[in-house]
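Below is one structure, written out as structure tokens; comments come after it.
The values are calculated or read from the model by the stated rules, or taken from the named source; none is laboratory data. Only a predicted model underlies this, so the values are computations on that prediction, with no experimental measurement involved. Positions of Cβ are backbone-derived with ideal geometry, glycine not excepted, and every protein chain shown enters the neighbour counts. Ligands, DNA and RNA are stripped out before the accessible areas are found, and what is left, the full protein with its side chains, is counted by its heavy atoms. Shrake-Rupley method; radii C 1.70, N 1.55, O 1.52, S 1.80 Å.
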Amino acid sequence: MPRLLRLSAFLPVVVAAGLLAAPSPATAEPVPVDVPAVQGPIPGTVPGDPKAPEVGDTYPWMSTDVDLASAGYVEQEFYVSGKADAYSLTGEQIAADVPYRTRMIVRRPANPLKFNGTVLAEWQNVSAGYDIDALWNHEQLMREGYAWVGISAQRVGVNHLRTWSPARYGQLDVTGGGQFNADELSYDIYAQAAKALRATSGVRPLGLLKPRTLLGIGASQSSVRMTVYYDRILPKTEAVFDGYGHIVGTAPSRKGAEPVFHVQSETDVRTPTRRPDDDKYRRWEVAGTAHSGWNGQAYRKSILDRDLGAAPTYNCARPPFSRAPLHHVLAAAYGHLTKWVQYGVQPPSAQPLEFNADGTMARDEHGLARGGIRLSQVEVPTALNDGINSGETFCVLFGTHIPFDEAKLDALYPSHTRYVAAVAAADTHNVRSGYLLPGDARQNLLDASRSDIGKD
């Protein structure tokens with residue numbers, strides 16, 4: 001693995017260990033965030049040729065292959081340009097008004113009446129060496145009526161775009177012409193791009209949608225960048241986001257005005273020492289889930305086959321990709337975060353994952369983690385799903401999925417009816433507790449009913 005990717009994948013550990021400086025104090029006069037220029041929508045759709053000389057004959061990187069139209073959604077891409085301030089990891093402003101040009105990709109309801117009022121602005125993850133829309137969980141987001149926006153703020157992702165499609169992305173630059181190669185501009189670029197989503201004049205990336213709530217979300221390495229932003233830069237600058245979702249990574253240590261929802265997979269919980277919940281911070285830990293699980297890998301495979309020629313493959317020590325659906329919990333968390341912002345309704349707390357006295361994670365007789373939010377896939381198990389793995393490159397992040405054999409399933413579930421009832425009971429508990437949305441509970445019940453578990 002290239003050194004850059006190796007460091008970006010494990011930067012959350014560095015931050016969690018306290019190796020970065022303490023949060024910066026607020027200033028009396030916050031630095032305003034500029035509204036950038038927006039151009040678009042950029043022409044070009046799948047199918048196309050990324051190497052075509054004309055932009056209209058290309059298409060957006062990782063353009064979704066989901067049937068958006070049937071769900072009443074559209075996908076559009078825009079250029080975003082302006083002048084950004086540069087900040088160090090410890091929050092010092094080290095340059096001002098540095099020109100940049102990047103892109104954002106928008107997936108939104110075509111009809112404003114189907115928009116729930118909340119925009120999820122994702123800081124695109126670049127740990128793989130290219131932009132990944134890690135939190136575009138399309139089934140849940142489209143069902144609930146969110147607008148999702150992916151923002152390219154970092155050098156690694158933008159440089160890959162430039163190479164992948166020179167005609168479409170060749171003019172992008174987030175380094176100030178090579179002056180700032182450690183993503184010093186990324187914080188202000190992310191904030192400016194998000195501010196453009198609320199603009200009422202010029203090109204409007206959200207079309208006729210009128211956002212009520214703007215949430216900044218990021219997973220893994222992106223969550224680390226957002227932690228630096230919240231702790232060290234936001235106290236000095238204008239607030240753009242109403243709330244923050246820090247997913248499978250670090251979260252701020254500072255208590256600020258904007259609420260922070262921190263959702264961790266089993267992979268990411270390394271210690272029983274945690275920041276306690278308060279009126280601006282909530283942490284959920286989800287048993288059996290992985291930092292990068294099955295849902296995202298399965299969604300991206302066909303897209304990366306198309307855009308890279310082949311999706312990456314991995315030789316892990318254990319069968320990879322936990323299938324415990326962390327994205328179900330994320331969908332519930334976004335709803336709570338929206339209500340927290342709009343009405344001051346604090347989300348429910350959740351039991352943390354349990355640890356043994358020797359510091360290891362507590363597990364039951366099946367090897368499943370104890371405690372935490374327990375989805376029906378863990379509470380009524382048909383497989384070992386956990387957050388543990390090892391091997392090459394990113395295997396440590398994938399967790400494990402090992403189906404139980406027929407004898408074990410027969411012993412656990414001698415009756416199909418009892419199995420389905422157990423799934424329904426677990427999901428009913430999670431819906432009532434606020435950890436699961438009814439739509440996902442219904443699908444779980446349908447899947448259980450269609451299964452052969454407990455049948456002769």
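Computed FRET efficiency, Cβ-Cβ of residue 97 and residue 46, R0 45 Å: what is it to the nearest 0.05?
Given R0 = 45 Å and the Cβ-Cβ separation, E is 0.75.
Give me the distance in nm between label points sitting 7 Å out from Cα along the Cα-to-Cβ direction at residue 416 and residue 428, one decimal.
Reported label-point gap for residue 416 and residue 428 is 2.1 nm.
Can you give me the relative contact order of region 196-326 as a percent, contacts being Cα pairs under 8 Å and 6 or more apart?
Relative contact order comes out at 17 percent.
Please say if region 264-414 is rounded, prolate or oblate, where rounded means a/c under 1.5 for a ≥ b ≥ c the square roots of the C-alpha gyration tensor eigenvalues, and otherwise the choice is prolate for a/b larger than b/c and oblate otherwise?
oblate
How many Å² of accessible area per residue for region 231-287, probe 1.4 Å?
It amounts to 29 Å² per residue over region 231-287.
Between region 285-324 and region 144-209, what's the alpha-carbon centroid distance in Å?
26
Give me the number: length gained by fully extending residue 238 to residue 208, i.e. 0.36 nm times residue separation minus the C-alpha to C-alpha distance, one decimal in nm.
8.3 nm
To the nearest 10 degrees, how steep is helix 186-196 against the longest Cα principal axis of the chain, on a 0 to 90 scale?
With rounding to tens, the tilt is 90 degrees.
Once you have a ≥ b ≥ c as the square roots of the Cα gyration tensor eigenvalues for region 23-130, tell me rounded if a/c is under 1.5, and otherwise prolate or oblate according to whether a/b is larger than b/c.
Since a/c reaches 1.5 and a/b is larger than b/c, the shape of region 23-130 is classed as prolate.
Could you compute how fast the chain diffuses translationally, taking Rh as the Kirkwood radius over C-alpha pairs and applying Stokes-Einstein at 37 °C with viscosity 0.692 mPa s? Give it in µm² per second.
Reported coefficient: 145 µm²/s.
Report, to the nearest whole %, how much of the accessible area of the chain belongs to carbon and sulfur atoms, 1.4 Å probe, protein only.
Reported share for carbon and sulfur atoms: 54 percent.
Hey, what's region 117-228 come to in accessible area per residue, 1.4 Å probe, Å²?
26
Tell me, what is the per residue accessible area of region 315-438 in Å², probe radius 1.4 Å?
44
For a label point 7 angstrom out from the Cα of residue 274 toward its Cβ, which stretches of region 385-407 have the backbone nitrogen within less than 18 Å?
Under 18 Å, as judged by backbone N against the label point of residue 274, lie 386-388 of region 385-407.
For a test of the definition: using alpha carbon positions, the gyration tensor, and the 1.5 limit on a/c, classify region 104-199 as rounded, prolate or oblate.
prolate
Explain nothing, just the number: relative contact order of the chain, from Cα pairs under 8 Å at least 6 residues apart, as a whole percent.
13
Taking 0.36 nm per intervening residue step and subtracting the Cα-Cα distance, what contour gain separates residue 315 from residue 200 on full extension?
Taking 0.36 nm per residue and subtracting the Cα distance, the gain is 36.4 nm.
Using a Förster distance of 25 Å, how high is the FRET efficiency between residue 362 and residue 255, based on the Cβ-Cβ distance and rounded to 0.05?
About 0.25, to the nearest 0.05.
Suppose R0 equals 51 Å; then what is the FRET efficiency for residue 392 and residue 443 from their Cβ-Cβ distance, rounded to the nearest 0.05?
0.95
Can you give me the pair-distance distribution of region 164-294, C-alpha pairs, 10 Å bins, whole percents?
11, 34, 33, 19, 4
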